[in-house]
């Protein structure tokens, strides 16, 4: 088992990163109309219909948890250990620290490259699969394969459709991300079976969880909370939205 102080030192740095990230996105969310009934001459309705509600809830929750993690790390001596080790850069550059950096890169690729341009369900499934497979066991081959499958579609989407007017216009990046998800899933099944002689339960469950979570989230945001969702013309969501209004909603309302 790893030394508790070393774990708390990592918690210290992680909490600082999460605090900075959540504060940045809370600031960006504050630019959305919330308490104002009229924004830029357009009636935005009541505050509870604002598109800022969900982001506020998510990032305030992250900020709260990060502050709690920071307090716990300081109490257990993690802050002193973390700050005392800053000068020992070679000792800090362990594979665990490298994995934390890779996770940050994958999250950045997801938030800034994939989400605005790629279907949210596909992008979410790809990221969740990469995080579960790549970092559950933490083996180098898993981390490398998972990272490659997220970064390549992210870089392509960013370079091919950088201007905002192209977001949601093309689906070539959707297809590439979908192919990356299928490729990573096949790789995960094959590599895990060769490594363990069987497929662990978490490997079998990963594709189902990876697809179900973003599917339920985007449907709840779009049809439950009536929030705006990224890339409504995405490869999968445009079909889901069409059948919801054309097939499901008329059936529920009894008009069909």
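Once Rh for the stretch 107-256 is found with the Kirkwood sum over Cα pairs, what is the Stokes-Einstein diffusion coefficient at 20 °C and 1.002 mPa s, in µm²/s?
132 µm²/s
According to a simple spin-label model (label point 7 Å from Cα along Cα-to-Cβ), what is the distance in nm between residue 172 and residue 196?
3.9 nm
Using the count of nearby Cβ atoms within 10 Å as a rough guide to exposure, how do 149, 136, 243, 161 rank from fewest to most?
243, 136, 161, 149
Which length gain, in nm to one decimal place, applies between residue 100 and residue 71 when the Cα-Cα distance is subtracted from 0.36 nm times their residue separation?
8.4 nm
How high is the relative contact order of the stretch 108-256, in percent, with contacts defined as C-alpha pairs under 8 Å that are six or more residues apart?
After rounding, I find 35 percent.
So if each residue of separation counts as 0.36 nm, and I subtract the Cα-Cα distance between residue 58 and residue 24, what length gain in nm does that give?
Length gained, residue 58 through residue 24: 11.0 nm.
Could you tell me whether the stretch 195-238 comes out rounded, prolate or oblate from its Cα gyration tensor? Rule is a ≥ b ≥ c as square roots of the eigenvalues, rounded for a/c under 1.5, then prolate if a/b exceeds b/c, otherwise oblate.
prolate
Every number in this text was worked out from the coordinates using simple rules, so none of it is lab data. On a predicted model such as this, the values are computed, not experimentally measured, just so you know. Heads up, the Cβs are rebuilt from the backbone with ideal geometry, glycines too, and the neighbour counts pull from every protein chain shown.
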